[in-house]
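Right, one structure below, let's go through it.
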Amino acid sequence: MNRLLRDRTAVTLVDRDGSCLPGFQDVLRSFGLGLQHVHSAEEGFALLRRSPTPIVVSDLHLPRREPEEPLGGISFVRQLKFTWPDISLMLLAGHEDLERVGDCLSAGADRLLLKPVRPPQLRRALVRALKQQFEPPHGRGWPTPPEFDVKNQLSALRAKLSEALNSLLLTLELRDPTTRGHARRVKRYAMTLAATLGLSPRRQKQIGLAAKMHDIGKVGIAESILRKPGNLTPEEARIVQSHTIIGENLLRTMVDHPRILGAVRHHHERLDGRGYPDRLAGSATPFEARLISVVDCFDALTSTRPYRLEAFTPTEAIPILQRQTDGHLDEDLVQRFIDLLQRHPQLIHEVRSRP
């Protein structure tokens, strides 16, 4: 049995080839906690029945238990959560697996770790999971994870975060070419409007990141739906609407800020409460989400879409945007954005011409 096993064993790692084992051992050792490791779902269930742990990390590509299973890890997650619903469960996935994000989260995964897993990424995920499991009122006498050297690792962590987010965005644009550049344009409009409103530089950056990633949950939506010309069926529309929740859950694996996550989740709410996913009304929708909704709507109107081959000109789009204040968009933010466009008519050209 692994020499690290002891009373403080915190994590079960189910990794088919053992490639992640050394890195996990090093990080857990720095927390004063242990690790147990197996290679398959069957071994994982057997080990957890003998020696349960509060956290399980599983490879998405486990050996399939049934020939018809698309990915063995998803089936493992689903059965594990059914058996032990309180376990914190993470899935190890590659960039090529991002189109399965929706399936992973629906199965019950709490977080995704993108391979290759770097120590800062792993430490961040484990600290969250450990605090969730053991902080009062659910504390079980486990030690609080020590803080790692933030100053030395912050730069590497930011670089990894930026790389992962940009990879996700590129994946989405390759799957749905009609959205190419949309996220970047919405980010620029949103940050410019935020600056005009006098928001702090820190808050401008938060809005910019949320705006850039507002549609990232669409990586979990089938291409046949994303690219479908014409109207969607009610079921297809429901699937598309799930991208707000998928996006929030996906970003939660890398970003831990309520304003950013709230903006991504709620950018399709309406003032009249008829939006999604939570039917929030009025000011219950976070300010950042209401701001992003305005600039998102404007860029969508002035861009081509599968359901609309010709874009509106900015002159045509502005009165349409104004009409959306009747129950949909925040009237004050719409007017402030229109004022901005009228004071700086070159802004649209600058935003659309920059790569």
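The values are calculated or read from the model by the stated rules, or taken from the named source; none is laboratory data. Note that the coordinates shown come from a computational prediction; the quantities given were computed from them, not determined experimentally. Methodologically, a virtual Cβ is constructed for each residue, glycine included, from the backbone with ideal geometry; neighbour enumeration extends over all protein chains shown.
Residue-level check: of (1) in contact (Cβ under 8 Å) with a residue 60 or more places away in the chain; (2) in a helix (DSSP H, G or I); (3) within 27 Å of Ala93 (Cα to Cα); (4) among the hydrophobic types (A, V, I, L, M, F, W, C), Ala194 misses just (3).
Filtered by the rule that a residue be touching a Pro at 6+ places or on another chain (Cβ under 7 Å) and under 16 Å from Gly73 (Cβ atoms), the range 12-32 gives a lone residue, Arg16.
May I ask you to list the residues in the range 316-348 that are of a type in the set (Asp, Glu), outside any helix (DSSP H, G or I) and at pLDDT 95 or above?
Passing the criteria: only Asp330.
Taking residues in the range 212-236 that are closer than 17 Å to His268 by Cα, and partners anywhere that are basic (Lys, Arg) and assigned to a loop (DSSP other than H, G, I, E, B), the pairs with Cβ atoms closer than 9 Å and at least 6 places apart or on different chains are Glu236/Lys228.
For the range 3-49, taking the residues that are part of a loop (DSSP other than H, G, I, E, B) and touching a Lys or Arg at 6+ places or on another chain (Cβ under 9 Å), the one that is modelled with the lowest pLDDT is identified as Leu4.
All of Leu291, Leu250 fail the test of being in contact (Cβ under 8 Å) with a residue 24 or more places away in the chain, of a type in the set (A, V, I, L, M, F, W, C) and either within 22 Å of Arg175 (Cβ to Cβ) or touching a Ser or Thr at 6+ places or on another chain (Cβ under 7 Å) (or both), apart from Leu250. If you take the residues of the range 197-248 that are basic (Lys, Arg) and in a helix (DSSP H, G or I), which of them is nearest to the chain's Cα centre (by Cα)? Residue satisfying both the conditions and the ranking: Lys218.
Here's the yes/no breakdown for (1) over 14 Å from the mean Cα position of the chain (by Cα); (2) among the acidic types (Asp, Glu); (3) modelled with pLDDT under 80:
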position: Leu92; (1), (2), (3): yes, no, no
position: Leu98; (1), (2), (3): no, no, yes
position: Ala109; (1), (2), (3): no, no, no
position: Leu113; (1), (2), (3): no, no, no
position: Arg123; (1), (2), (3): yes, no, no
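When the range 275-317 is filtered for residues that are over 25 Å from the mean Cα position of the chain (by Cα), among the aliphatic types (A, V, I, L, M) and surrounded by fewer than 19 Cβ atoms within 10 Å (Cβ to Cβ), the ones remaining, listed by number, are Leu309, Ala311.
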